[in-house]
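What follows is a set of notes on a single structure, which appears directly below.
The values are calculated or read from the model by the stated rules, or taken from the named source; none is laboratory data. Predicted, not measured: the structure shown is a model, and the values here were computed from it. Every residue, glycine as well, gets a Cβ built from its backbone with ideal geometry; the counts of neighbours run over all protein chains shown. Accessible surface areas use protein heavy atoms only, side chains included; no ligands, DNA or RNA. Shrake-Rupley method; radii C 1.70, N 1.55, O 1.52, S 1.80 Å.
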Amino acid sequence: MAAKLRKGDKVVVLAGKDKGKQGEITAVMPKDNKAVVEGVNMAIRHTRQTQTSQGGRIAKAMPIDLSNLALVDANGKATRVGFRIEGEAKVRYAKTTGEAI
């Protein structure tokens, strides 16, 4: 099945502690049905200092469920994603505006 949300998409969080925040998807995990969004669902990770990196408390974006994310359309509103055939290609489009993503 084609992915409705992909790496690089700008999304808005629909539910949870970060509801309303926007960010860009940095990684998608289709098997787990989760995605990592920059600046959303942050957790503190304690890391040990090594020769190459400074240790300490480092904030890291944790995965969030895909059902809690919605794509942001050209108007800046949350939208659902649909698929249609344009010529020979299958393209994603925003249901609110109808334009291809």
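Filtering segment 43-65 down to residues that are out of contact with any Gly (no Cβ under 9 Å at 6 or more places or on another chain), of a type in the set (A, V, I, L, M) and at pLDDT 95 or above, which residue is nearest to PRO30 (Cα to Cα)?
The qualifying residue nearest to PRO30 (Cα to Cα) is MET62.
Tell me, which residue of segment 62-79 that is touching a Ser or Thr at 6+ places or on another chain (Cβ under 7 Å) and small (Gly, Ala, Ser) is farthest from ARG6 (Cα to Cα)?
Per the criteria, the residue is ALA74.
Can you name the condition, by its number, that GLY98 falls short on among (1) in contact with a strand residue (DSSP E or B) (Cβ under 6 Å, 6 or more places away or on another chain); (2) modelled with pLDDT under 95; (3) open to solvent by less than 50 Å² (accessible area, probe 1.4 Å)?
(1)
Give the residue that is least open to solvent (accessible area, probe 1.4 Å), with candidates limited to residues of segment 33-47 that are touching a Ser or Thr at 6+ places or on another chain (Cβ under 9 Å) and of a type outside the set (Val, Ile, Thr).
The selected residue is ALA35.
Residue by residue through segment 54-69, note down the ones that are assigned to a loop (DSSP other than H, G, I, E, B), open to solvent by less than 60 Å² (accessible area, probe 1.4 Å) and either without any contact (Cβ under 8 Å) to a residue 24 or more places away in the chain or acidic (Asp, Glu) (or both).
If the condition is that a residue be assigned to a loop (DSSP other than H, G, I, E, B), open to solvent by less than 60 Å² (accessible area, probe 1.4 Å) and either without any contact (Cβ under 8 Å) to a residue 24 or more places away in the chain or acidic (Asp, Glu) (or both), then GLY55 is the only one that fits.
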